[in-house]
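Notes follow the structure.
The values are calculated or read from the model by the stated rules, or taken from the named source; none is laboratory data. Not measured: the values here are computed from a predicted model. Every residue, glycine among them, receives a Cβ derived from its backbone with ideal geometry; neighbour counts consider all protein chains shown.
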């Protein structure tokens, strides 16, 4: 994805150095420390020619939270499956916990309930906070002999029971994390029967970032220091942004703990504190602490090969998602720093250069990370739909993947890898991140939203004793097994020579994960497009050309399932700053794929709106450059309609051929319109070929003087009708659209033809 990058003034070189070399003093003047860094990690994940072939392995049952959800992202999930891993007893059984309260076992892809956690605890809570509920199950490495497994779940703030350590400040939204030991009477049984005891309890001040994962290091052998020790990833309770709890050594918050579940020298006598823990002899520090300085330590794993390194996927605040190589005693710096830069709670939109004190504090930095890059017209301090899902180092036989750490973005569902040999914990630079392609077993390239049928994926990873790789999603409750890898060129939908002029592009394959009623821009402007009145339902399984899986469905109110016009667009009364490339532009091109799917024009209307760029003073109807069908001399015609001056008159270039032949029912057609504001020339193209046509206005309505359009930012883009601010319905289209592109130049006929051919030939 091409994104706009912004470094601030003359400090750019200094700030880049601070990003890449945090161990050096990044600045010498105080004002440099106050210079915000708007793009913490300039390098985006690089698309890889390597792809994963996914085969559906299991479908887990639907489930619901056990109370009134406080966040729609909880209740909208098919279920809340959280992990897949193998029991360490040689049986080959896989375990899958569901945050809504059930532990499933899988055998050959078939599931059955092993343990209903929610029924065992009267104060069980799975409806407050994205991570609330039954978070994880960890089976003791000797489970086959001792029958012991451990779970973590959350309870309501009024639940009885004493917190193992002093709780965070308690509020009505508090949650309590409880770790329980279960002992099965028969470890080989299909369902649990046995006893349980509570070993750890901690009350958080909020409803997020509680205990996410608990697990054993299954690479440790009997006699090793780490054998049989249980790791707990304890979040900051959501209060790390406004307190120092992740750096406070007297509380579990924002730490990874390591305990001996079979020991008894803890404060409550229910577990042991290993004497080899790094802070066990430090005054004022909890002996359980293994590593510190974390916001939301979401997922960790050990490399089953090599040096058995421990890796953590750490969810950041509003900027950086990071992978850490975890060693005993590490401090990852939160909330003083995020990733490799300074964090300031008073301005969460940006990070800042490290001060000398921070650079010398001995913090540990990520071995790989990526930033959020929120859309240009989305509030920078709002959730932009990014959160890392920690993965694992692949040691199986998937070609091209061995020795690579595979992880992803749990919200968007993008799957990444980094090379293990480039993940150097002591280096000043990080390992490059590569994005893996995804394919179904028929060889069709897809994205996780296509597999899941939802813009928010909630992606997780897992493996088994044979090092198979699994992906799972809460969005539809499915588990996929990676059955192969595939090499293929990275498809490029934009002709390379035209890329610099592509301001905005929407292929409807990129739902905005924070709210999939929006579509992410694949052009340079990063302008978020709203799918109006139909939201995510407007994406349909259809494609205009090879490699396209989705299209946009547009409806008039008369044919809409909701009784409202389905359209799309962007509108800002002050002018959409992200579309400033059209400010004073000397030319514009609008193009895309269109398919008529209903009655056109809608009864009561004498025009059909397709797509266009609004003028700088538009009420939502006036345009700078537009593809549309309008009445010309009493006949409906396909036209390019444009305006050079915001307050001036428009000019129309109409196609001579009958519009029903140009846009036949239920057939995809590629249409382009070009506008040269310096000469007044306009043109229309169908499937890469110029159309005969005529100008409808004699004279000089544009008041040509050799300059471009008005020096104002357009108020937006409209698609499928007028008024993208969702005002009055006008000129509705009952049609589908695919890969709409808006250029800040008037493309030549040969350039339009090359772009058309690129799409029809599959990129």
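Tabulated values for the structure
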quantity	calculated
Residues being farther than 14 Å from residue 539 by Cβ, in contact with a strand residue (DSSP E or B) (Cβ under 7 Å, 6 or more places away or on another chain) and crowded, with 16+ Cβ neighbours inside 10 Å - total across the range 452-474	15
Any hit, the range 669-676, residues being in the same structural domain as residue 586 (by TED's automatic domain parsing), touching a strand residue (DSSP E or B) at 6+ places or on another chain (Cβ under 8 Å), farther than 13 Å from residue 592 by Cβ and not in a strand (DSSP E or B)	no
Qualifying residue in the range 591-613 (condition: farther than 27 Å from residue 560 by Cα, at pLDDT 95 or above and under 41 Å from the mean Cα position of the chain (by Cα))	no
Strands (runs of 3 or more DSSP E) completely within the range 545-640 that count 1 or more residues being farther than 28 Å from residue 695 by Cα and touching a residue at least 40 places away in the same chain (Cβ under 8 Å)	550-554, 567-571
Conditions (1) touching a residue at least 40 places away in the same chain (Cβ under 8 Å); (2) touching a helix residue (DSSP H, G or I) at 6+ places or on another chain (Cβ under 7 Å); number of the one not met by residue 398	(2)
Within the range 421-440, considering residues that are in contact with a helix residue (DSSP H, G or I) (Cβ under 8 Å, 6 or more places away or on another chain) and within 30 Å of residue 535 (Cα to Cα), the one surrounded by the most Cβ atoms within 10 Å (Cβ to Cβ)	438
Counted residues, the range 319-364 - those being crowded, with 22+ Cβ neighbours inside 10 Å and assigned to a loop (DSSP other than H, G, I, E, B)	11
So residue 730, is it in a loop (DSSP other than H, G, I, E, B) and surrounded by fewer than 17 Cβ atoms within 10 Å (Cβ to Cβ)	yes
Set 274, 267, 261: member being free of Cβ contacts under 8 Å to residues at least 60 places away in the same chain and more than 31 Å from the chain's Cα centre (by Cα)	274
Boolean, residue 262 is closer than 25 Å to residue 196 by Cβ, in contact with a strand residue (DSSP E or B) (Cβ under 6 Å, 6 or more places away or on another chain) and at pLDDT 95 or above	no
Residue list for the range 678-691, restricted to those being within 18 Å of residue 751 (Cα to Cα) and either in contact with a strand residue (DSSP E or B) (Cβ under 9 Å, 6 or more places away or on another chain) or without any contact (Cβ under 8 Å) to a residue 40 or more places away in the chain (or both)	681, 682, 683, 684, 685, 686, 687, 688, 690, 691
Residue within the range 531-539 that is surrounded by fewer than 17 Cβ atoms within 10 Å (Cβ to Cβ) and farther than 13 Å from residue 717 by Cβ present	yes
Condition met for residue 593 (in contact with a helix residue (DSSP H, G or I) (Cβ under 7 Å, 6 or more places away or on another chain) and at negative phi)	no
Residue identified as assigned by TED's automatic domain parsing to the domain that holds residue 199 and in contact with a strand residue (DSSP E or B) (Cβ under 6 Å, 6 or more places away or on another chain) among 166, 141	141
Residue ID - farthest from the chain's Cα centre (by Cα), chosen from residues in the range 108-135 that are crowded, with 24+ Cβ neighbours inside 10 Å and more than 16 Å from residue 69 (Cα to Cα)	115
Number of the condition not met by residue 599 [criteria: (1) out of contact with any strand residue (DSSP E or B) (no Cβ under 7 Å at 6 or more places or on another chain); (2) buried (at least 21 other Cβ atoms within 10 Å of the Cβ)]	(2)
Residue within the range 691-712 that is within 33 Å of the chain's Cα centre (by Cα) and part of a loop (DSSP other than H, G, I, E, B) present	yes
Residues that are within 29 Å of the chain's Cα centre (by Cα), surrounded by 18 or more Cβ atoms within 10 Å (Cβ to Cβ) and not in a loop (DSSP other than H, G, I, E, B), drawn from the range 736-762	736, 737, 738, 739, 740, 741, 742, 743, 755, 758, 759
Conditions (1) surrounded by fewer than 23 Cβ atoms within 10 Å (Cβ to Cβ); (2) assigned to a strand (DSSP E or B); number of the one not met by residue 443	(2)
Selection status of residue 278, surrounded by 21 or more Cβ atoms within 10 Å (Cβ to Cβ), in contact with a strand residue (DSSP E or B) (Cβ under 8 Å, 6 or more places away or on another chain) and more than 17 Å from residue 147 (Cα to Cα)	no
Matching option when the condition is more than 23 Å from the chain's Cα centre (by Cα) and outside the structural domain of residue 229 (by TED's automatic domain parsing), among 320, 336	336
Any hit, the range 180-200, residues being under 19 Å from residue 258 (Cα atoms), modelled with pLDDT of 95 or more and surrounded by fewer than 17 Cβ atoms within 10 Å (Cβ to Cβ)	yes
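To keep it simple, each residue is scored yes or no on (1) surrounded by 18 or more Cβ atoms within 10 Å (Cβ to Cβ); (2) closer than 21 Å to residue 361 by Cα.
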site: 232; (1), (2): yes, no
site: 241; (1), (2): no, yes
site: 249; (1), (2): no, yes
site: 255; (1), (2): yes, yes
site: 258; (1), (2): yes, no
site: 273; (1), (2): yes, no
site: 284; (1), (2): no, yes
site: 287; (1), (2): yes, no
site: 299; (1), (2): yes, no
